[in-house]
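Below is one structure, written out as structure tokens; the observations come after it.
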Amino acid sequence: MIPLVDLKKQYATIQDDIVEAMLEVLDSGQYILGSKVTELESAIAKRLGVKHAIAVGNGTDALVLTLDAYGIGSGDEVITTTFSFFATAEAISRVGATPVFVDIDPVSFNIDPNKIIDKITPRTKAILPVHLFGQPADMDKILEIAMNYNLLVIEDACQAFGATFMQQEVGSIGDAACFSFFPTKNLGTIGDGGLITTYDDRLAESIRKLRAHGSSKKYYHQQIGYNSRLDEIHAAFLLICLKEIDQWNEQRVSIADYYFSHLKDSKTVELPVVLPNRSHVFHLFCLKSEKRQQIMSALNRADIQTGIYYPLCLHAQEAYKGLGYSMGDFPVAEMASSQLFAIPMHPYLSRKEQDMIIEHISKASEQL
Ligand SMILES: *Cc1c(COP(=O)(O)O)cnc(C)c1O
């Protein structure tokens, strides 16, 4: 079988370093918020050129704690895309605020900045763009709107570690940014993990408090917080991956290039498009086709895994019935949810495997 991602292959390339680091953590007797977490936070802050990086339990918590630390809650609105993983909107709802959805750009599938202004009300506090599939959202337009309307910009960078917009890495562009280290993300650990980056001293201090039960001094609690910390074992794992991430991202781009050159003449599938002034790290490689079901079935019959990201837009989720949206409200996102499908993409996908995937897509297309 050719899987969508192959974590075992990637792990095999760093196994010796990982085993050594794991043993070091086990021997240290220090398992939560110790020196490895501090080292990871400093390394990521330095890499992105931001003042603070705060590691937390997962990417969803990164979003929740950031919104909470900004005081966003009941009665507030946060503008975001309707085409993302559920956690993006869930975090907004979790703090008591209301997600206000916006349709996407038909080329990048990221939030359409031209449709944001119409959604701004006196209750709007922030814009939460997602760098979907590893391609940065249109950050210059989003920052300009945020500046004109005095709104915060919180990047959901969970799928895009290392991607750049106008040479600037995601996570260093907005007021704050949230990353996920879920195993299948382009920078992932062996369990759950997340991180927030920001230049803002007060926000960082507040998030540090929130992640440890609202406390900055042990057993003295200034506010109601969370238990959302990164384990040492994950920090140690991620420190090793951080040394590899640029190479892994480059390998993803090279695999994407090979798909591009061999599928560019297809009349059945449309390739992803990288918009100007940005780099794409291809967390996912999604094709678009009106014949999605037939092509996916042909690939699955040939033992090639495929996936749909995402089969249902956020405004159409049952959990958001109460917000009063209907199908037809966001036609571009609805089209994307009915036509996009992911094919295998990870740094160690071989040319031979790619050739097979390409061959089966071409064969299936001819038979349509
Ligand atoms: C994965 C992901 C999250 C949530 O991250 P977890 O670590 O799984 O909690 C949030 N937003 C987006 C866009 C994601 O892809």
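The values are calculated or read from the model by the stated rules, or taken from the named source; none is laboratory data. Since the structure is predicted, the reported quantities are computational estimates derived from the model, not experimental observations. Because the Cβ atoms are built from the backbone with ideal geometry, glycine has one as well, and the counts that use them run over all protein chains shown. Each accessible area value is taken on the protein alone, full model and side chains, heavy atoms only, with ligands, DNA and RNA left out. Shrake-Rupley method; radii C 1.70, N 1.55, O 1.52, S 1.80 Å.
See the values below:
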item	result
Pick from region 215-245, criterion without any contact (Cβ under 8 Å) to a residue 12 or more places away in the chain and assigned to a loop (DSSP other than H, G, I, E, B), ranking: farthest from the chain's Cα centre (by Cα)	219
Identity of the residue in region 87-104, open to solvent by 20 Å² or more (accessible area, probe 1.4 Å) and within 16 Å of the ligand (Cβ to nearest atom), that ends up nearest to residue 224 (Cα to Cα)	95
Out of 257, 265, sole residue that is outside any helix (DSSP H, G or I), charged (D, E, K, R) and not assigned by TED's automatic domain parsing to the domain that holds residue 22	265
Filter result for residue 334 (open to solvent by less than 50 Å² (accessible area, probe 1.4 Å) and touching a Gly at 6+ places or on another chain (Cβ under 8 Å))	yes
Residue identified as open to solvent by less than 30 Å² (accessible area, probe 1.4 Å), in a loop (DSSP other than H, G, I, E, B) and not polar (S, T, N, Q) among 137, 146	137
Cβ-Cβ under 6 Å pairs, at least 6 apart or on other chains, region 106-122 side in contact (Cβ under 8 Å) with a residue 12 or more places away in the chain, far side open to solvent by 70 Å² or more (accessible area, probe 1.4 Å)	113/141; 120/149
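Table: residues versus (1) in contact with a strand residue (DSSP E or B) (Cβ under 7 Å, 6 or more places away or on another chain); (2) in contact (Cβ under 8 Å) with a residue 60 or more places away in the chain; (3) within 16 Å of the ligand (Cβ to nearest atom).
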| position | (1), (2), (3) |
| --- | --- |
| 23 | no, no, no |
| 31 | yes, yes, no |
| 53 | yes, yes, yes |
| 85 | no, yes, yes |
